[in-house]
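Okay, so here's the structure we're looking at.
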Amino acid sequence: MSDQTSSANTITISSSVLLSLIRHTSENYPSLFSGALLGFEDDNGVIDVTHGFPFPYPDQYEGGSLKSRSGAQYQKDILENFKKLGYGIEFQGWFQSTISGNFVTSQLVEALAQQQLANANSFIIIHDMSSIGKEVSLKALRLSQGFMTAYQDGKWKSKDLEHLKLSYFNIFDELNVEVKNQALVNLYLANLKSTEPELDILNLASHQTSTGQLLESLYSQIDSFNYDQNNFNYYQRQLQKEQSKINQWKQQRKLENLERVKKGDKELDTEEWKTLFRLPNEPSRFNNMLHSHAIDVLADDILKKCDEELTKSSVIERKLTLA
């Protein structure tokens, strides 16, 4: 098992690279896109992203292109072309457009885990499209050390996760993201006079489409969670049945041995039950954790949307009352 730990927890990305990625994902919305982030790592534990290239085709689901042969070949071709031109940059991570917590797929997590085994500092930038047209929502994530330990050991049973103190809350570590401008851009921005009023006009427009997408995604994740949970509940029922049979057998064997002792006979083996009964195997809790994390993120985003809608409704109602 690899003992590699991450040494870079800050991501700096060129504003031109960031804007080109946001433009690409936004213009192709609602299609999902992912791509490769190239750059270098300095001696101060900072990853500098200097180039970003979207894969030339949309994803059917989050993480779909990260492990595909065509995606890997496209990424390899880009790096080889840069090396021919004398650029000393390397692959650093990926970016992925998504809707809220939908990015937590087994495909994306598997790809990121495999990449972190090769380079512990690998990461993925998530662009949340649920706020498109309103704000830019970005975050850089890396699988936590506890998750990577469980992944390498292949142990996803409840007792293993409890031992590692791993739950859906700490699957990922969030990294700092700093946007870097060129000196001339900073000078231009510093001298730019804002044409916006000091107080923005309250936008009373409803975001029903965005909220509807979040709700549909939440329903889908809950369905997947329930399917996985039903399998676990079935395992628990079977385990209880087998344990009940074992306890009855142990009690019966104890009584038999008491009778044999009275007769002066040799006691029977009390551990024989291990060859007579087979306890069911606990199903993996891997998918359960991923669905739980996705539901948690989606629920938080829906609550934020509802707060916005309630605020707008309250303002409109007060305005109508005063009119």
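Observations on the structure shown:
- Any chance Glu62 is among the acidic types (Asp, Glu) and open to solvent by 60 Å² or more (accessible area, probe 1.4 Å): no
- Total residues in the range 147-161 satisfying the condition of being of a type in the set (Gly, Ala, Ser), open to solvent by 30 Å² or more (accessible area, probe 1.4 Å) and either over 19 Å from Leu117 (Cβ atoms) or in contact with a Phe, Trp or Tyr (Cβ under 8 Å, 6 or more places away or on another chain) (or both): the figure is 1.
- Criterion (of a type in the set (Gly, Ala, Ser) and either buried (at least 18 other Cβ atoms within 10 Å of the Cβ) or in contact with an Asp or Glu (Cβ under 7 Å, 6 or more places away or on another chain) (or both)) met by exactly one of Ala118, Ala111: Ala111
- Residue within the range 18-40 that is open to solvent by 50 Å² or more (accessible area, probe 1.4 Å), out of contact with any Ser or Thr (no Cβ under 7 Å at 6 or more places or on another chain), more than 18 Å from Leu138 (Cβ to Cβ) and modelled with pLDDT of 90 or more present: yes
- Scanning the range 40-83 for residues that are part of a strand (DSSP E or B), over 28 Å from Ser217 (Cβ atoms) and either touching an Asp or Glu at 6+ places or on another chain (Cβ under 8 Å) or charged (D, E, K, R) (or both) returns Phe40, Glu41, Ile47, Asp48.
- Across the range 42-59, the qualifying residues are those that are modelled with pLDDT under 90 and under 27 Å from Ser7 (Cβ atoms), and the one among them that is surrounded by the fewest Cβ atoms within 10 Å (Cβ to Cβ) is Asp43.
The values are calculated or read from the model by the stated rules, or taken from the named source; none is laboratory data. It should be emphasised that the depicted structure is a prediction, and the values quoted were computed from it without experimental measurement. Note that we place each Cβ from the backbone using ideal geometry, even for glycine, and neighbour counts take in every protein chain shown. What goes into the accessible areas is simple: the full protein's heavy atoms, side chains included, and nothing from ligands, DNA or RNA. Shrake-Rupley method; radii C 1.70, N 1.55, O 1.52, S 1.80 Å.
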